[in-house]
1. Would you mind putting 306-315, 47-56 in packing order, based on average other-beta-carbon counts within 10 Å, highest first?
2. Place the peptides 225-236, 274-285 in order of packing, highest mean first, counting for every residue the other Cβ atoms within 10 Å and averaging per peptide.
3. If you average the alpha carbon positions of the stretch 295-371 and of the stretch 33-81, how far apart do those two centres end up, in angstrom?
4. Suppose a student asked you for the relative contact order of the chain, using Cα pairs under 8 Å spaced at least 6 residues apart; what percent would you report?
5. Only bridges with both residues in the stretch 60-159 count here: give the DSSP antiparallel percent, nearest 5.
6. Once a ≥ b ≥ c are taken as the square roots of the eigenvalues of the Cα gyration tensor of the stretch 68-196, is the result rounded (a/c under 1.5), prolate (a/b larger than b/c) or oblate (a/b not larger than b/c)?
7. Along Cα→Cβ, 7 Å out, is where each label goes; now give me the distance between the ones at Asn246 and Asn364 in nm to one decimal.
8. When all protein chains stay in place, what accessible area (Å², nearest 10, 1.4 Å probe) is found for Tyr366?
Amino acid sequence: MKITPFETEHFFAHYEFTTPHLLSVSDCESMTVGELLEASGWDNQKLANLRLGYTESQGNPDLRAAVALDYETIRDDDVIILGSPIEGIYLTLRTLLRPDDQAIVLVPAYDALINVTEHICQDVRRWPLKAVERGWQLDFDLLERLISDDTRLIVVNFPHNPTGFLPTHDDFAHLINIARHRGIWLYCDEMYRGLEYQHGERLSSAADLYENSVVLSGLSKTHGLPGLRSGWLIVRDERVRSTLINWKHYTSICPPAPSELLALAALEAGDRLPDRNRSIIQGNLKLADKFFTRWEAFFRWRRPQAGSVALVGIDVPSAATYCHNLAKDAGVLLLPSSFMGFDDHHVRFGFGRRSFSRALEHYNGYLEKNL
Ligand SMILES: Cc1ncc(COP(=O)(O)O)c(C=O)c1O
């Protein structure tokens, strides 16, 4: 059976390593292995001494314990270390969904969340975020109308890629109440958790709030370590966890040993990596505020509330055509919203890299000549 092309990854595979000015990436500033070991106070010898045998299927026990510490009620046993974060999306949807289930997906969404769900289930209902004057909102009336007796799963992602939306604590609790009351599972993608801008805005994980949830997180975004391919799922339900681990034997068997060791180093470095990336994002958002004020007739700026990305309205006939031409003509990479289950009149900006200011300056010069 065919699956919809993974447009975002095809687009980045084509342009990311040949386009000089990346304005749309979702990860944050990365570092070398040496810098990571230094940040965690580890001796280089620890990596050199690592044996490259098979590892434990569910993940290294020390790493699972370190991950569990970031949650309020989660036990080491609830944690499954993955071969990569994206693997967690496939495993969760494969485990929870059957073809005749009905599923609801918050859109726009990172392609895999929609495409894999639609690959497995015939009845997938899209739940669009509502654009409001200053940002985005959850439309609970619409959600209630979308839910049916066959609804098995609601798929969400907070902080949200690509809008930068973060629900209030009350709205998040309300969503969980709806799911609990109707006996619906919740998949909550928390890959950008820890990138909140204001103290106190960080939500408790869905894993702590709801027993029938599966939560994905990892080190690609908040910690800026996407090359480590380190991610994990939190699954409190024992039966679901063991079915999921069975699926995992078909995809990665066990996590890569060097990735697990370096993930442990990253977690032992505490807040250092997330702090650095939050501060890069804050600085870049100030530049973005000025840029979008200057070009307010061309863009519709809704400032993100958390995470490393924002979805910005753009006054062109087709954002996809514009992005392809911009990459070729100006060497600037923006991502069109049409890849993520949305209209063709928005583009994603990403604020997590130090190179953002230079790239924005370059794009500004291009707009001065071409608008
Ligand atoms: C919401 C979301 N989930 C999962 C992933 C997958 O993460 P990774 O690319 O590190 O596997 C991404 C990557 O962009 C994402 O944005």
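The values are calculated or read from the model by the stated rules, or taken from the named source; none is laboratory data. Owing to the predicted nature of the structure, the values given are computational and were not obtained by experimental measurement. Positions of Cβ are backbone-derived with ideal geometry, glycine not excepted, and every protein chain shown enters the neighbour counts. Keep in mind that these areas ignore ligands, DNA and RNA; they rest on the heavy atoms of the full protein, side chains included. Shrake-Rupley method; radii C 1.70, N 1.55, O 1.52, S 1.80 Å.
1. 306-315, 47-56
2. Packing order, densest peptide first, comes out as 225-236, 274-285.
3. So the two Cα centres are separated by 37 Å.
4. Once normalised by length, the contact order is 26 percent.
5. Among the beta bridges of the stretch 60-159, antiparallel pairing accounts for roughly 25 percent.
6. In terms of gyration-tensor shape, rounded.
7. 5.8
8. Accessible surface of Tyr366 is approximately 50 Å².
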